[in-house]
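Asks: Can you keep this structure in mind? I'll have questions shortly.
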Amino acid sequence: MKPLNKSLLREAQEMLTDTRVGATLNAQCEREVGGESKSVNTAIHPDDQMLTHSIRILENVNQSVSQYFCVALQQYRAMQRMLDLAFPQGLQDKLILDFACGYGRALRFLVQS
């Protein structure tokens, strides 16, 4: 396996603190979820395997971060469809257990809905 380029990981972490990244994700989240969303959490743990894998393979911070959030939105859409089918009346009084699923890539969007 290719070693992780730590400078690219640092660059990705810096990118995630840029308010424009958050604004872009918030706008996308509003389109996905409907209505005004809370602020989407852009922090990604430095050990998150999904981001570090992309950085290793793509060797491009912009593509890696973009891919990370695009896949998160795909996962959110899939989870939302399943939840809508399982709970047609909604989740008002329901709790969801996210058990051993990594660092919460898709949950950052699910909590918005």
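Asks: Only four residue types carry charge here, +1 at the Cβ of Lys and Arg and -1 at the Cβ of Asp and Glu. Report the dipole size of the chain about the Cα centre in Debye, rounded to the nearest 20. Walk me through the numbers before you get to the answer.
Replies: Details: 12 positive and 12 negative charges, 41 e Å.
Here the chain has a charge dipole of around 200 debye.
Asks: By per-residue mean of other Cβ atoms within 10 Å, what is the highest-first order of 94-102, 12-20? Display every interim value, and only then the final one.
Replies: Numbers: 94-102: 8.7, 12-20: 13.2.
Ranking the peptides 94-102, 12-20 by packing returns 12-20, 94-102.
Asks: Keeping every protein chain present and rolling a 1.4 Å probe, give me the accessible area per residue for the chain in Å².
Replies: On the way: 7540 Å² over 113 residues.
On a per-residue basis, the chain sits at 67 Å².
Asks: So which lysines pass the test for Lys38, namely a Cα distance under 24 Å, with those fewer than 8 places away in the same chain ruled out?
Replies: Leaving aside lysines fewer than 8 places away in the same chain, those within reach of Lys38 are Lys94.
Asks: Here is a further query. Where does each of 79-92, 21-34 land if you order them by average Cβ count within 10 Å, highest first?
Replies: The densest-packed peptide leads the list: 21-34, 79-92.
Asks: Can you check what the net charge comes to around Phe69, using other residues whose Cβ is under 14 Å from the Cβ of Phe69 (Lys, Arg +1; Asp, Glu -1)?
Replies: +2
Asks: Each residue of segment 92-99 in turn: what ³J(HN,Hα) in whole Hz from Karplus with 6.51, -1.76, 1.60 and θ = phi - 60°, glycine and Pro shown as x?
Replies: Each residue of segment 92-99 in turn: 3, 10, 9, 10, 10, 9, 9, 9 Hz.
Asks: To continue, here is another question. Under 15 Å from the Cα of Lys6, which aspartates and glutamates turn up, not counting those fewer than eight places away in the same chain?
Replies: Glu14, Asp47, Asp48, Glu59
Asks: Separate question: In nm, to one decimal, how far is the Arg77 label point from the Asn60 one, both placed 7 Å along Cα→Cβ?
Replies: 2.2
Asks: Apply the Karplus parameterisation 6.51 cos²θ - 1.76 cosθ + 1.60, with θ equal to phi minus 60°, to every residue of segment 62-71 and state each ³J(HN,Hα) to the nearest whole Hz, in sequence, with x for glycine and proline.
Replies: Going residue by residue, I get 4, 5, 5, 5, 4, 4, 4, 6, 5, 5 Hz, with x marking Gly and Pro.
Asks: Considering only protein heavy atoms and a 1.4 Å probe, what is the carbon-and-sulfur percentage of the accessible area of the chain?
Replies: 55
Asks: A follow-up question, please. Defining a contact as two alpha carbons under 8 Å apart and six or more residues distant in sequence, what relative contact order in percent does segment 24-113 show?
Replies: Numbers: 48 pairs, mean separation 34.1, N = 90.
Relative contact order, segment 24-113: 38 percent.
The values are calculated or read from the model by the stated rules, or taken from the named source; none is laboratory data. All values reported here derive from a predicted model rather than from experimental measurement. When we count neighbours, we look across all protein chains shown, and the Cβ atoms used for this are built from the backbone with ideal geometry, even at glycine. Only protein heavy atoms, including side chains, enter the accessible area calculation; ligands, DNA and RNA are left aside. Shrake-Rupley method; radii C 1.70, N 1.55, O 1.52, S 1.80 Å.
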